[in-house]
Amino acid sequence: MPDLAGKRIVLGLTGGIACYKSAELLRRLQDEGATVDVVMTEAATRFITEATFQALSGRPVWVDAWDARMANRMAHINLTRGVDAILVAPASTDFLARITHGLADDLLTTLCVARGAVPLIAAPAMNHEMWVHPATQRNARQLQADGVHLIGPAEGWQACGETGSGRMMEPDQILRALVAFFQPKHLAGRQVLITAGPTSETIDPVRVLTNRSSGRMGYALARACAEAGARVILVSGPVSLPCPDGVLRIEVDSARRMHAEVMRHAAAADLFLAVAAVADWGVANPSAQKMKKSADSAPPQLQFVQNPDILAAVAALPDGPWCLGFAAETEHLHEHAQAKRLRKGIEVIVGNLAQDAMGAQDTELVLFDAHGAHPLPRLEKLQAARLLVHEISRRLPATAARPDAPSAAT
Ligand code: C5P
């Protein structure tokens, strides 16, 4: 099911060159199943036409508070009732100032004031000097204190030719932030530590031993935990995936480095999710120089040493986090997963068949605990991760949040 299925969104546009990105944003909202009504300020219509948004949304576009197409002439009421969120992108300096003060001098600001409990989400977009102006900063702080959710702005090149903070976030980022906004906050205030991806063990400066893990499941869990309100540290082996929004990623290569980073952060975590496919053995005798082959020499002899078991080490910590492991098996899933759960000393292990899950977009997970097996439906990995987060949150002991742990800048 798309992430915004059944949601009704008002997309507000105010005056700014970033309006050109909002046409794409509208498409992305619709792709995720949202029904979107577009409301524009007069200034927004200078940058992009109403016709563009009418054609894309297939619905009337609203600019004028006195629009006679509304039988009761109350667009500001009719457009906000039954709506799931008002998303203003781009949100100009002037718009932020007006809603901070409750001004209602056009349709968009009037419906923001008339919205009642409907969430207001704004993606600021302006020249960097306008964003850092004390009045704008004061307004942004006040809006957040009033419960308005701000997305961005981003740093970078601006249409005026200057560089700084004030760019509107990209449509995909705004979409992900909106989707996250709607997720239940099952892990609010929790600190989560996750391992993901493969590890790689050095043979020589150009060769490594690794495995087929894509990192998708761990990254999906990191995203799902962040969406659920947790602060997330992701200790990742080498993968080619982008870091999920709001997640602090620490990149490592070998199992030993992963172990060192995990142990550094484990004490501050409420939850440890061991999703990485960690190499069981490292090369004991890596070569300092690239090994050379020759016609008459024998193939190199690699010797191995056992790597630390990261999950077992964290599970053994006194006062350590609540731990969850993964068991990717090729056969006898139930027996192997339960045995692993007991060996590692953890309450829950998530099992799946490696041949099904490794590198795939979807997965079929089974939760194993002291009561037996609890199969979850086959799902795309992000959906499976969200379901898992819900399952985890139901089993977590109630603990005080740890506010002093590091987190990613959002
Ligand atoms: O030990 P085994 O690989 O069978 O168990 C898999 C689970 O243990 C996964 O959760 C994996 O992330 C974790 N693990 C670990 N450190 C290791 C090996 C596995 O944390 N050295």
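The values are calculated or read from the model by the stated rules, or taken from the named source; none is laboratory data. These figures come from a predicted structure and were not determined experimentally. Here the Cβ positions follow ideal geometry from the backbone for every residue, glycine too, while neighbour counts run over all protein chains shown.
If only residues of segment 318-332 that are more than 12 Å from the ligand (Cβ to nearest atom), touching a strand residue (DSSP E or B) at 6+ places or on another chain (Cβ under 9 Å) and in contact (Cβ under 8 Å) with a residue 24 or more places away in the chain are counted, the one that is nearest to L367 (Cα to Cα) is W322.
One residue alone among R212, R216 is among the charged types (D, E, K, R), in contact with a strand residue (DSSP E or B) (Cβ under 8 Å, 6 or more places away or on another chain) and within 21 Å of D356 (Cα to Cα), and that residue is R212.
The conditions of being closer than 21 Å to A140 by Cβ, assigned to a loop (DSSP other than H, G, I, E, B), in contact with a strand residue (DSSP E or B) (Cβ under 9 Å, 6 or more places away or on another chain) and β-branched (V, I, T) are not met by I86.
Per the listing L273, L248, L241, the residue uniquely away from the ligand (no atom under 16 Å from the Cβ), part of a strand (DSSP E or B) and assigned by TED's automatic domain parsing to the domain that holds V350 is L248.
Scan S236, S213 and give me the residue that is modelled with pLDDT under 95 and within 15 Å of the ligand (Cβ to nearest atom).
On the way: S236 fails: modelled with pLDDT under 95.
Going through S236, S213 in turn, just one is modelled with pLDDT under 95 and within 15 Å of the ligand (Cβ to nearest atom): S213.
Counted as qualifying within segment 33-78 are the helices (runs of 4 or more DSSP H) with 3 or more residues that are surrounded by fewer than 21 Cβ atoms within 10 Å (Cβ to Cβ), namely 42-47, 50-57.
Checked against the criteria, N307 does not count as modelled with pLDDT under 95, in contact with an Asp or Glu (Cβ under 8 Å, 6 or more places away or on another chain), closer than 24 Å to V235 by Cα and in the same structural domain as G246 (by TED's automatic domain parsing). Scanning segment 119-140 for residues that are touching a Lys or Arg at 6+ places or on another chain (Cβ under 9 Å) and without any contact (Cβ under 8 Å) to a residue 40 or more places away in the chain returns a single hit, H128.
Within segment 238-249, residues that are over 18 Å from L175 (Cα atoms) sit with their Cβ atoms under 6 Å from residues that are modelled with pLDDT under 95 and of a type in the set (A, V, I, L, M), at 6+ positions apart or across chains, in these pairs: L248/A408. Among the residues of segment 277-304, the one identified as surrounded by fewer than 14 Cβ atoms within 10 Å (Cβ to Cβ) and within 12 Å of the ligand (Cβ to nearest atom) is D280. Counting only helices (runs of 4 or more DSSP H) wholly contained in segment 106-148, the ones carrying 3 or more residues that are closer than 22 Å to R176 by Cα occupy 134-145.
Name the residue that is farthest from the ligand (Cβ to nearest atom), counting only residues in segment 357-379 that are loosely packed, with under 14 Cβ neighbours inside 10 Å and under 22 Å from G197 (Cβ atoms).
Within segment 357-379, the first condition is being loosely packed, with under 14 Cβ neighbours inside 10 Å, and the residues that meet it are 359, 361, 370-375, 377-378.
From what is left, the residues that are under 22 Å from G197 (Cβ atoms) are 359, 361.
Details: G359: 16, Q361: 20 Å.
Once the filter is applied, the top-ranked residue is Q361.
If the condition is being part of a loop (DSSP other than H, G, I, E, B) and over 19 Å from A196 (Cβ atoms), then segment 342-356 contributes G345, E347.
Against the definition (of a type in the set (A, V, I, L, M), more than 16 Å from the ligand (Cβ to nearest atom) and at pLDDT below 95), how does L353 come out, yes or no?
Details: of a type in the set (A, V, I, L, M): yes; more than 16 Å from the ligand (Cβ to nearest atom): no; at pLDDT below 95: yes.
For L353, the condition - of a type in the set (A, V, I, L, M), more than 16 Å from the ligand (Cβ to nearest atom) and at pLDDT below 95 - is not met.
Return a yes/no flag: does segment 379-389 have any residue that is closer than 30 Å to S165 by Cβ and at pLDDT 95 or above. Yes - at least one qualifying residue is present in segment 379-389.
Within segment 187-198, the set of residues being in a loop (DSSP other than H, G, I, E, B) and touching a Leu at 6+ places or on another chain (Cβ under 9 Å) comprises L187, R190, G197.
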